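What follows is calculated from the coordinates using simple rules that are stated; it is not laboratory data. Just so you know, these numbers come straight off a predicted model, no measurement behind them. Neighbour counts run over all protein chains shown; Cβ positions are idealised from the backbone, glycine included.
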Number of protein chains: 4
Amino acid sequence: MAGNSIGDLFRLTTFGESHGPAIGGIVDGCPPGLVLDLEAIQHDLDRRKPGTSRYTTQRREDDVVKILSGVFEGVTTGCSIGLLIENTDQRSQDYSAIKDVFRPGHADYTYWHKHGIRDYRGGGRSSARETAVRVAAGAIAKQYLKQRFGVEVRAYLAQLGPVTAEKLDWDQVEKNDFFCPDVDKLEALDAFMRDLKKAGDSVGARINVVASNVPVGWGEPVFDRLDADIAHAMMSINAVKAVEIGDGFAVVEQQGSTHRDALTPTGFTANHAGGILGGISSGQDIRVSIALKPTSSISIPGASINTSGEPVEMITKGRHDPCVGIRAVPIAEAMLAIVLMDHFLRHQAQNHQVSVTTPDIARIGRGG
Amino acid sequence: MAGNSIGDLFRLTTFGESHGPAIGGIVDGCPPGLVLDLEAIQHDLDRRKPGTSRYTTQRREDDVVKILSGVFEGVTTGCSIGLLIENTDQRSQDYSAIKDVFRPGHADYTYWHKHGIRDYRGGGRSSARETAVRVAAGAIAKQYLKQRFGVEVRAYLAQLGPVTAEKLDWDQVEKNDFFCPDVDKLEALDAFMRDLKKAGDSVGARINVVASNVPVGWGEPVFDRLDADIAHAMMSINAVKAVEIGDGFAVVEQQGSTHRDALTPTGFTANHAGGILGGISSGQDIRVSIALKPTSSISIPGASINTSGEPVEMITKGRHDPCVGIRAVPIAEAMLAIVLMDHFLRHQAQNHQVSVTTPDIARIGRGG
Amino acid sequence: MAGNSIGDLFRLTTFGESHGPAIGGIVDGCPPGLVLDLEAIQHDLDRRKPGTSRYTTQRREDDVVKILSGVFEGVTTGCSIGLLIENTDQRSQDYSAIKDVFRPGHADYTYWHKHGIRDYRGGGRSSARETAVRVAAGAIAKQYLKQRFGVEVRAYLAQLGPVTAEKLDWDQVEKNDFFCPDVDKLEALDAFMRDLKKAGDSVGARINVVASNVPVGWGEPVFDRLDADIAHAMMSINAVKAVEIGDGFAVVEQQGSTHRDALTPTGFTANHAGGILGGISSGQDIRVSIALKPTSSISIPGASINTSGEPVEMITKGRHDPCVGIRAVPIAEAMLAIVLMDHFLRHQAQNHQVSVTTPDIARIGRGG
Amino acid sequence: MAGNSIGDLFRLTTFGESHGPAIGGIVDGCPPGLVLDLEAIQHDLDRRKPGTSRYTTQRREDDVVKILSGVFEGVTTGCSIGLLIENTDQRSQDYSAIKDVFRPGHADYTYWHKHGIRDYRGGGRSSARETAVRVAAGAIAKQYLKQRFGVEVRAYLAQLGPVTAEKLDWDQVEKNDFFCPDVDKLEALDAFMRDLKKAGDSVGARINVVASNVPVGWGEPVFDRLDADIAHAMMSINAVKAVEIGDGFAVVEQQGSTHRDALTPTGFTANHAGGILGGISSGQDIRVSIALKPTSSISIPGASINTSGEPVEMITKGRHDPCVGIRAVPIAEAMLAIVLMDHFLRHQAQNHQVSVTTPDIARIGRGG
């Protein structure tokens, strides 16, 4: 229990269920003196929010975040930041049918066993609605990292079912509803999703996340490695089933002579490592890839049981994303930004001024 | 900093470098009353220890673990358990050549930037030697889980370079030096490794880990999900670059109608989820798969720089594993056991249904 | 940083400044299944809230707490509980005069040095207003402890300036504005406070807190002792400068033959220990005593400096308590209840003797 | 459980029982680059160690600490520091008589209820022997604080039974076996202790701890205040029953006009606060006072019960301190140093370079 927090020094704690009056959270540990761009926070929330395209759930939420504390005259004070997002379009009546049954592939069954009680309306706490708060907190982290280090944290849809992006054009990402960096694949995506919706089914996706300009030296040996904390943060996103850093599973067939990134006076010559060596950032781009499962809320009937253990047939009604992976793009960015911000603070904590004469090579080593 | 611990309620903290006098750790939170089988702990250490086969480093360590506290007359007392393993075969002279250079693909470069100082002997703290302590702690967790719940935590080599195990015969796993569950692939593995050694190169591997008989309900919403903590623990193992739960990256191309595991009165009909729904154990087998990169310590020259930023050519001498993945089998088991043990305790903490039956003597003592 | 949380397994995180739009918090780790009495929570808030008597600040707040999550149909679900209390009577104009000066005895000087920025309105984050959220969270803990163990957590004013309560009549405590258990001292208290107000000064107080029916065995060796965590929680209350457990400072002159509480088959014969031995609850009443300093916000001029380091003379205007100690009674109860609840959960986590009786349905779900 | 750690960023975790083979610990988070003075560490251990004077237990331990990791060529590396102290003079046979009985005033009763098992030899984990590791870790913190900030952490015996030190002469403290700063009281102390020993009884003590030159700004609102963490650390020392910061309980009778320390351009004019305002260091001396109870191990018979609940009469044999408070002097210093070091790191973590232009006034404000 007490599992609703992430991060040690930059810590987000969240609350809220899909169909309660509001969701929200507390960001604890944001350094003072950051001039907050509230519109940029709202912009990230808008990127994630439901109802914006026909490919995502038709639930419509304004998702307006209120900042209740920790910011004075537009500047962070170093005190905890209270975040509140009201739920405005919850329709609880949609869910009464699932009160006593477990939707297959959902957390209904496990929450019920864990707690002996569950808020069955729209998944309650297990709903992806909770991730809106993460996006708001991540937007604060992104601003800090950008202003202080020029760090860019960006994500895109790398694959959706059988359709794989082959070109990486960052400018494209924000121009289409799929966050797809390959303009040539938009038609195929559109067609695939149309068919999927007709079939009442859903599909998985792969999201890639990249952080550029991360300084060398973030990450703590030996358990709180940067990559370990990234894996934790990514796997904490609803529906994520896999995480790769750098070349990921491809390393299984690689040989050492290929995998190791050569160091030269002008920087690394490659980036198989994905920007992390020994759990510590190397100055190369941090490359992360995650897989999101297809949502289990589909209109195709599925076998399940009820709370008495009797067999039932389920059709999930309500408003659902045929591909939850799409909206995970801003969420994945948020989680990576939160982890980086936390590790920046942890790294800064042990900065030993007497000896830390970061040598010239540090500047050289940022390539990759 | 302060990153040398893992787990909240069952917590392991470790210390020690590759070439210091000893490595060790503290297990804090092991419940009292566990009759410890010391031989079983040593057996897991022996499975991991170097020098046991020609496929692993020729460094020879006895890896005898001493239990210094927390166990009284063979039974855990609930107090912290001190673990100590002396280093007996360190040869520091092997490493003086790398004092001022960064081995490519290693943590030398990042540790040096992080701390402004590094113990360069054999990787110092970044050496996989540290994982011996994890294996000892994991062995304690395995015993508890086995005795109380019948949980089995087991791992095997699923793939090494181009050679993939196709059969899963658990009895085979402990019978060969590769922890390979497919007897038909031993010859191919042997041939591949022989060639690799001759070439002075190394290779990656995939390890699968399975936990059976895990009760329903372990895992904490929303950030401390069981799968998130497993991902963290696995990625904290040296050389791991990817983690999958259940079907992992295969879900990208799956549809919801396929992926969701049907529930019937007699149990789940499949296990695409890998035993975790909404971050909480479902009672299905927990299935985890990880990828380990090829070690960067190879005898093929590689380009690098020294601490002055000048180019150098590196050949890593010393004694190294051509495939560090092989020895990761007991380490991966240990990490999964530690996470499960931690989450069992966290789950038990909030159990409100079982009434506290303090023994009779408790009632007597209430005066005052 | 990230210091806005207390507790490990029953954890409260708070946000909010004196003059922001709202204060609030998140209770993470409340076990599921608790039928919450919302009126009892509000009752504790009313006991703490300002404006209720002429002895406390004339700021008037409704202090109505909204529960935004974690409770479904009146019962806790095991998910995080969001708490929100709107600020309705903040008058920021009162405080503009102190924008650039440091009130002596206040946190103005230290916050400004710590963060380089401060929300100067009414103390901002350092205001005792934040403690309202603690009272709400503590009320939840109190209900759980009461329902499950019959634990009573109660506090009273033991001394205010020169006036000391000599009788402990629990029934009296709620009947007067001083939370004084000695009806014979009410007149003296009233007279003293009237003179004090006239003089524009303030005074300190001693609050005693008692928890009865606490089971034996709560508290974790060696650093997270129950008494250590109580001391931490009490000292985290604004203005507290001292904490005693049991006989407290009187032990300096005691001899072992006097201090040690004899054990008999029918219980302890005394309670010098204050209910804690070796950091673990003994089943005796837990007795805690704390000292609160006189508020520094008084109308008697005091020497200070401004942010430019120049001398200034300060008179604190605004609405302030002449004795902040009085309102600390419900706050101290709340903090003790939070610590006890946290330690109950920590203790329960390691309970290895009670077997896990998962319900029947659990067995059904194990397939796959 | 998992309560054997203290500190967040500078964290000490300990293990070991009074009569096991060794005690030890891990310091996690010591910044790299500290040139360690090993003799100074040993010196603090020698100050604490038993057998040095006739006023403390006659158990004789060398208490030689071995540093097993985290230090390379005499300099800290930023990696975890393993500490080991072997037990050499344990005599377990002394304790077999108390196997089934609970010594009154000791942790026997509570440990037994908590864990259902206890290592009864010499108190096992509840023995003050564990504090030797704290002293070693505290000595590291003291060196860092001294070298970097000139912080001095010192303690002395302020009162023992009826004998109170009236003069504070720091030079005296290390010159007598009582750590007494008042040379005129040595005779009275000696006489009192001689009589006490003859009577077979024990006595309490008050220890004062002072930290000078602590920079302004350490401490985290609102729960992790510097004073709250100091209270926690002090109360975690065996036998401590009370903690005061600054004027402590005397504030109950103080008025605001007296208590608040005036600020002038040249510093504070007094130090009632004890160096902490709003939970954050003010630059004034940090003043802490603690009370230690008389040990319950005395040769005067006392009533108790055995594990079957039957009445027994206890005489504690073995070798014990008639006043455990004396040896608490170096322990109290160690705990304060650990807390300060932790808070320095936490403070440094959030250092926001854009805005942290520590103004001139900071230098002025260091008065005491």
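Helix D:38-48 sits at what angle to the longest principal axis of chain D, using alpha carbons and giving 0 to 90 degrees rounded to 10? The answer is roughly 50 degrees.
By the beta-carbon count within 10 Å of each Cβ, the least crowded to most crowded order of A:290, A:81, fewest first, is A:81, A:290.
Of the trypsin sites (Lys or Arg not before Pro) found in the range A:96-141, those in coil by DSSP whose Cβ has at most 16 other Cβ atoms within 10 Å are A:99. Taken residue by residue and averaged, Cβ atoms of other chains lying within 10 Å of the Cβ of C:199-211 number 3.
Taking only the Cα atoms of the range D:5-364, the radius of gyration and Dmax are 21.3, 69 Å. Among residues other than residue A:166 with Cβ under 12 Å from its Cβ, the summed charge is -1 (Lys and Arg +1, Asp and Glu -1). Helix B:131-149 axis versus longest C-alpha principal axis of chain B: approximately 20°, rounded to the nearest ten. Relative to the Cα centre, the charge distribution of chain A, modelled as +1 at Lys and Arg Cβ and -1 at Asp and Glu Cβ, gives a dipole magnitude of about 460 debye. Taking other C-beta atoms within 10 angstrom as a stand-in for reagent exposure, A:95, C:156 fall in the order A:95, C:156, fewest first. Applying 1/(1 + (r/R0)^6) with r as the Cβ-Cβ distance of residue A:187 and residue A:315 and R0 = 35 angstrom yields a FRET efficiency of 0.70.
Distances between equivalent label points of residue A:21 across the copies, with each point positioned 7 Å along Cα→Cβ, amount to 1.5, 6.1, 6.2 nm, shortest listed first.
Label-point spacing for residue C:97 across the identical copies (point 7 Å from Cα in the Cβ direction), in nm and ascending order: 6.6, 7.2, 7.8.
Label zone (residue D:146, point 7 Å along Cα-to-C-beta; backbone nitrogen cut-off 12 Å) within the range D:11-50: D:36-45. Compared with the dominant principal axis of the Cα atoms in chain B, helix B:226-235 is inclined by about 20°. So which of A:99/A:293; A:185/B:167; C:49/D:114; D:197/D:293 end up more than 28 Å apart, counting from Cα to Cα? Beyond 28 Å: A:185/B:167; C:49/D:114. Scanning chain C for the Cβ atom closest to the axis that brings C onto B yields residue and whole-Å distance C:349, 2.
The mean number of Cβ atoms from other chains found within 10 Å of a Cβ in peptide D:263-272 is 4, as a whole number.
Ranked from shortest, the separations from the 7 Å Cα-to-Cβ label point of residue D:213 to its equivalents in the other copies are 4.0, 5.5, 6.1 nm. For the listed peptides D:279-286, A:211-218, C:159-166, a ranking on the average number of other beta carbons within 10 Å per residue, highest first, reads D:279-286, A:211-218, C:159-166.
The fewest-to-most ranking of C:61, C:39 by surrounding Cβ atoms within 10 Å reads C:39, C:61.
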